[in-house]
Protein chains: 2
Amino acid sequence: MSELRFDIIKQHWVIIATERGRRPRDFQNVPKVIDTVACPFCYGYESKTPPEIFAIREYGAANTPGWKVRVIPNKYPALRVEGDVKSRGYGLYNVREGIGAHEVIIETPDHKKSMADFSQEEITDVLKAYRARFLDLRNDFRLRYMVLFKNHGVQAGASLSHSHSQLIAVPLTPPVASMELEVSREFYQKNERCIFCDLIEFELNAGVRVVSETSDYIVTAPYASCFPFELRLYPKQHLHDFAVMNDMQLSNLALAMKDMLQRIKVVLGDPPYNFILHNSPPVHNRPGKPDYWGSIKWDYHWHIELVPRLTQIAGFEWGTGFYINSTSPEDAAAFLRDADLSL
Amino acid sequence: MSELRFDIIKQHWVIIATERGRRPRDFQNVPKVIDTVACPFCYGYESKTPPEIFAIREYGAANTPGWKVRVIPNKYPALRVEGDVKSRGYGLYNVREGIGAHEVIIETPDHKKSMADFSQEEITDVLKAYRARFLDLRNDFRLRYMVLFKNHGVQAGASLSHSHSQLIAVPLTPPVASMELEVSREFYQKNERCIFCDLIEFELNAGVRVVSETSDYIVTAPYASCFPFELRLYPKQHLHDFAVMNDMQLSNLALAMKDMLQRIKVVLGDPPYNFILHNSPPVHNRPGKPDYWGSIKWDYHWHIELVPRLTQIAGFEWGTGFYINSTSPEDAAAFLRDADLSL
């Protein structure tokens, strides 16, 4: 059983997840992507993973080949569904049982293919799997927030090279989400406008940080990018909830994502990266006051954050919460705009 | 000139420092530690660095061999002393000139020696250089906070292998420092006790997370460690300001640091690491109200945080502000306590 522990000085939560029980010698070699012939994410090895929760299939029964996208519980979960959400004290500290969910979305049966090279339809299927899992996990009222993310490459934290993403549902609103939700709510209450919609309009007019634009989506390098070539993808229309998007909207999103991932791959030479889907929390997440997220339909705007992992987070960043970025977002956007995608 | 830019959604500051002007091809190869024969931190190459600001010398004139510890401005500074602190608007955004200071402390003339293998006296000299630079930079009232940190190894962000640490002085209190200062101030106002002193007493009684203890210092694995084998070193006596420590106190600290660094080196096989000195801000840092840090002498407690870089910060951590740690601090402390330092 993992534990959620709170740091009273730095005011953050940590999941102490000792399922893998890592000992000093496990860290003595630089971590490598495990790339065995018997990859548990390939056709024919379905029995090596926990039973599937969801799949989009061409043919075949559950837990056999024939799937196009397959969702399974993580074999070494950071959090588990069994347990109690209530917190208890330990001296000055605060601790909870690590309840939640930790799922893996296997994005393709093709061991070698990376998302930048998926077809629009293949990316659409992955997005449909995300949507299905969001909607299902919302039925568990203990889960306050769902985090969907992808680690591509070993420097980005991937431990298997076969293309996959992960979904973690947590019993607390995480600090990064809280901050975004609070800032956008406050802005809405003052101005009766969505702060993200204002930002999108400002960026479209400024132009210098825009990487690409389709009829429905915009990709920009954020004005205060923490990392070189950091990107954000927004729907241009005001939409607070990824999970209520229809198939056509997901298909258009797939095209915008493919374009973004290809530009990164071409300009930076297939770098390691993380992307994170920032979405509104389920409506039952109402800490404090009954209408806490009541206006979320108007004040929040879902988006995707992409961070190529080109530099190390060093002592300064960890010690201060400030970031030093050696490539301006204006330069990064220009390089990505000019990418030759015909290669 | 670098810029400090504020992210209005995520509420953090970024230093856009384009002195090195990094282009996409600069990122295409995995960064390596530059380890040339002509290391600019070695004896005889003093003219390859900006002129020294401070040195502890055995012999010789400034900017010639003979030094034991040498402090120079960073050749590619994130921040510069010239400029104006006032902020201006840009659409919805907030921006300032990147004023501040960025210095490098060359800890030894020996190109190959790492701090874990320094003598107590050699570490004491490094600590004396830290103290001297803290005291000097406090004369510039524009500088609100000084961050002293060390990046050891390429995965920890070091770009030169010759042992060194860095000092960055910033015109704003960084978020990590703000949080610690606010939490400890609030605790003091409520309880008339230092929260760190309470934590130290609790940890000494609990015992399970204590790594080592001398008459003056304690090293513990924090209860809510974000990373495997994360450590904090505290003076047992209540001391808010590193910069007013006397020579004897620094010499005792050097011994505690050597012990901590050796344990990490022996147990984890010389891993990359960062350490960060968390200190009280200069007394002129009084944003808002005149006595903002008035009680800091009683409410804050300086300490050193050490993070071995054994795992990657991945999408989940970046996207949420939560951390997943696969080694409990109790296990980490036990391994480090049992380290055989006679090897």
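When every residue of the range A:101-119 is checked against the conditions, at least one turns out to be over 25 Å from residue A:48 (Cβ atoms), over 16 Å from the mean Cα position of the chain (by Cα) and open to solvent by 10 Å² or more (accessible area, probe 1.4 Å). Taking the criterion of being among the hydroxyl-bearing types (Ser, Thr, Tyr), within 15 Å of residue B:260 (Cβ to Cβ) and open to solvent by 30 Å² or more (accessible area, probe 1.4 Å), the only residue of the range B:198-217 that qualifies is B:214. Can you find even one residue in the range A:53-61 that is within 23 Å of residue A:17 (Cβ to Cβ), open to solvent by less than 50 Å² (accessible area, probe 1.4 Å) and in contact with a Pro (Cβ under 9 Å, 6 or more places away or on another chain)? The answer is no; no qualifying residue exists. Taking the range A:58-86 as the range and being under 21 Å from residue A:137 (Cβ atoms), modelled with pLDDT of 95 or more and either in contact with a Gly (Cβ under 6 Å, 6 or more places away or on another chain) or not in a strand (DSSP E or B) (or both) as the test, the residues that pass are A:62, A:63. Quick check: is even one residue across the range B:137-152 closer than 20 Å to residue B:249 by Cα, touching a strand residue (DSSP E or B) at 6+ places or on another chain (Cβ under 9 Å) and surrounded by fewer than 21 Cβ atoms within 10 Å (Cβ to Cβ)? For the range B:137-152, residues closer than 20 Å to residue B:249 by Cα, touching a strand residue (DSSP E or B) at 6+ places or on another chain (Cβ under 9 Å) and surrounded by fewer than 21 Cβ atoms within 10 Å (Cβ to Cβ): absent. Got at least one residue in the range A:68-86 being surrounded by fewer than 18 Cβ atoms within 10 Å (Cβ to Cβ), in contact (Cβ under 8 Å) with a residue 60 or more places away in the chain, within 13 Å of another protein chain (Cβ to nearest Cβ) and under 19 Å from residue A:16 (Cα atoms)? Checking the range A:68-86: not a single residue is surrounded by fewer than 18 Cβ atoms within 10 Å (Cβ to Cβ), in contact (Cβ under 8 Å) with a residue 60 or more places away in the chain, within 13 Å of another protein chain (Cβ to nearest Cβ) and under 19 Å from residue A:16 (Cα atoms).
The selection criterion, being crowded, with 19+ Cβ neighbours inside 10 Å and not in a helix (DSSP H, G or I), holds for residue A:173. In a residue-by-residue description of the range B:26-46, the property of being in a helix (DSSP H, G or I), surrounded by fewer than 17 Cβ atoms within 10 Å (Cβ to Cβ) and modelled with pLDDT of 90 or more applies to no position.
Show the residue pairs that are 6+ apart or on different chains and have beta-carbon atoms under 7 Å apart, the first residue being within the range B:134-158 and within 14 Å of another protein chain (Cβ to nearest Cβ) and more than 19 Å from residue B:303 (Cβ to Cβ), the second being hydrophobic (A, V, I, L, M, F, W, C) and open to solvent by 30 Å² or more (accessible area, probe 1.4 Å). Filtered contacts from the range B:134-158: B:154/B:33; B:158/B:33.
Test residue B:92 against the stated conditions and say whether it is open to solvent by 10 Å² or more (accessible area, probe 1.4 Å), farther than 27 Å from residue B:299 by Cβ and among the aliphatic types (A, V, I, L, M). Answer is yes for this residue.
Yes/no matrix, rows are residues, columns are (1) farther than 20 Å from residue B:10 by Cβ; (2) of a type in the set (Lys, Arg); (3) open to solvent by less than 40 Å² (accessible area, probe 1.4 Å):
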position: A:191; (1), (2), (3): no, no, no
position: A:222; (1), (2), (3): no, no, yes
position: A:226; (1), (2), (3): no, no, yes
position: A:246; (1), (2), (3): yes, no, no
position: A:253; (1), (2), (3): yes, no, yes
position: A:257; (1), (2), (3): yes, no, yes
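Filtering the range B:317-343 to residues that are of a type in the set (A, V, I, L, M, F, W, C) and either under 17 Å from residue A:7 (Cβ atoms) or in contact with a His (Cβ under 7 Å, 6 or more places away or on another chain) (or both) leaves B:322, B:324, B:332, B:333.
The criterion of at least 2 residues that are modelled with pLDDT of 95 or more is met by the following strands (runs of 3 or more DSSP E) wholly inside the range B:225-335: B:231-235, B:273-278, B:303-308.
Within the range B:126-136, the set of residues being within 22 Å of residue B:64 (Cα to Cα) and surrounded by fewer than 20 Cβ atoms within 10 Å (Cβ to Cβ) comprises B:128, B:132.
Checking each residue of the range B:176-185 against the condition of being part of a helix (DSSP H, G or I), among the acidic types (Asp, Glu), crowded, with 20+ Cβ neighbours inside 10 Å and more than 7 Å from chain A (Cβ to nearest Cβ) gives no match.
Counting only residues that are within 20 Å of residue A:249 (Cβ to Cβ) and out of contact with any helix residue (DSSP H, G or I) (no Cβ under 7 Å at 6 or more places or on another chain), the range A:178-195 holds 0 of them. With the structure loaded, tell me whether residue B:243 is among the aliphatic types (A, V, I, L, M), away from chain A (no Cβ under 14 Å) and more than 27 Å from residue B:310 (Cα to Cα) or whether it fails that test. So residue B:243 passes the test.
The values are calculated or read from the model by the stated rules, or taken from the named source; none is laboratory data. All of these numbers come straight from a predicted model, not from anything done at the bench. In this analysis, Cβ positions are derived from the backbone assuming ideal geometry, glycine residues included, and neighbour counts consider all displayed protein chains. In case anyone asks, the SASA skips ligands and DNA or RNA and just uses the protein heavy atoms, side chains included. Shrake-Rupley method; radii C 1.70, N 1.55, O 1.52, S 1.80 Å.
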